[in-house]
Amino acid sequence: MASAPAKVILFGEHFVVHGEPALVLAIDKRAYAKAEKREDKKLFIQSSNLNLAAYFENDILRIERGNPKEAKIKLEPLKYIAEKILETHGERVGLNIEVNSTVPVAAGLGSSAAVAAAVAAAVGALLNVKMSREDVFRVAYEAEKLVHGTPSGVDPAISTFGGALIFQMDTGFKPLDVKTEIPLVIGNTCVERSTRSQIEKVRSVKERYPQVVEPMMRAAREIVLNAVEALKKGSLDTVGELMNINHALLYGLGVSDESLEWLINAARKAGALGAKLTGAGGGGCMIALAYKDKIEQVLEAVQRAGGNAFIARKTDEGVRIEPS
Ligand code: PMV
């Protein structure tokens with residue numbers, strides 16, 4: 001059994017697509033994967049929370065449970081991971097893989113990457129294939145490409161390594177040493193959206209108003225640089241303020257929506273130091289930062305406003321093997 005954490009983008013979503021830095025945190029919601037050998041040579045993969053199950057045998061997919069299209073999209077990447085590790089192992093053995101995740105899906109929290117990293121680690125451990133964290137990251141990233149087309153790689157990186165990372169497209173990942181606690185409320189609007197169309201929206205605004213959007217890009221970069229300093233000093237007030245400014249920029253680009261604004265305003269009114277959308281926006285999740293003594297109050301306010309909300313904390317634990 002292995003597990004891996006979900007993530008939130010604290011600063012820099014969308015701007016990161018245009019070359020600016022983003023700051024991401026692993027959070028204490030985890031995806032779990034259990035791997036066992038089978039007597040036969042089949043590969044059986046099931047996800048209890050998605051209610052999906054399928055057999056893979058000689059490249060033929062047989063759905064046992066759930067919507068066939070969804071099963072194919074969600075389970076194929078996991079099959080890819082298992083087969084890659086089986087190749088290294090050398091001998092073809094049958095496997096049962098069971099996924100159990102506490103991460104809300106399709107909400108911008110990196111659930112598929114967390115599952116991919118957990119499956120890679122669980123299968124590697126079961127088959128005694130020595131896998132470094134880099135190996136887990138690499139295979140999880142390849143699997144993510146099957147789900148998302150051309151992802152930046154930030155999700156599998158943070159799920160594998162944990163903690164906090166600065167990510168920039170031209171320079172890659174840099175771990176960020178953050179000692180201070182970052183108490184966050186995550187509020188899920190439960191409004192589904194497509195990351196792809198949100199990215200398109202920003203591209204279109206940037207093309208139509210290059211002179212307006214360029215300074216916004218530079219502002220986003222400055223926000224990240226200032227946030228790094230504020231986090232090092234443990235200055236949560238500044239981090240909160242920067243979150244509000246970052247959200248204003250995202251709002252300006254058109255990627256917020258009514259459901260997010262509703263939850264963000266509720267959090268701010270209840271005493272949050274800052275609140276913003278996280279991920280692609282247009283629905284999905286928002287995050288709010290609060291001092292520990294205010295966090296329950298902010299949580300309740302976001303819940304009352306209709307959000308599916310919970311308290312999350314940064315975790316330094318990336319992918320790990322769980323005691324069986
Ligand atoms: O909502 P998510 O987790 O898919 O986040 C998307 C973040 C973007 O910056 C909008 C896209 C990206 O690839 O970085």
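Tabulated results
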read-out	value
Matching residues, segment 7-39, being farther than 21 Å from G240 by Cα and either within 12 Å of the ligand (Cβ to nearest atom) or among the hydrophobic types (A, V, I, L, M, F, W, C) (or both)	V17, H18, G19, A31, A33, A35
Unmet criterion (only one of (1) in contact (Cβ under 8 Å) with a residue 60 or more places away in the chain; (2) under 19 Å from V202 (Cβ atoms)) for A219	(1)
Residue that is farthest from H18 (Cα to Cα), among those in segment 218-274 that are within 16 Å of the ligand (Cβ to nearest atom) and of a type in the set (D, E, K, R)	D257
Residue identified as surrounded by fewer than 16 Cβ atoms within 10 Å (Cβ to Cβ) and not assigned by TED's automatic domain parsing to the domain that holds A230 among E296, E300, E322	E322
Segment 191-204 - residue that is of a type outside the set (S, T, Y) and either more than 14 Å from the ligand (Cβ to nearest atom) or surrounded by 18 or more Cβ atoms within 10 Å (Cβ to Cβ) (or both) and, of those, farthest from L250 (Cα to Cα)	R193
Selection count where residues are farther than 28 Å from T278 by Cβ and either assigned to a helix (DSSP H, G or I) or in contact with a Phe, Trp or Tyr (Cβ under 7 Å, 6 or more places away or on another chain) (or both), scope segment 73-94	9
All positions within segment 16-42 that are under 20 Å from the mean Cα position of the chain (by Cα), of a type in the set (A, V, I, L, M) and assigned to a strand (DSSP E or B)	A22, L23, V24, L25, A26, I27, A31, A33
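The values are calculated or read from the model by the stated rules, or taken from the named source; none is laboratory data. Not measured: the values here are computed from a predicted model. Backbone-built Cβ (ideal geometry, glycine too); neighbour counts: all protein chains shown.
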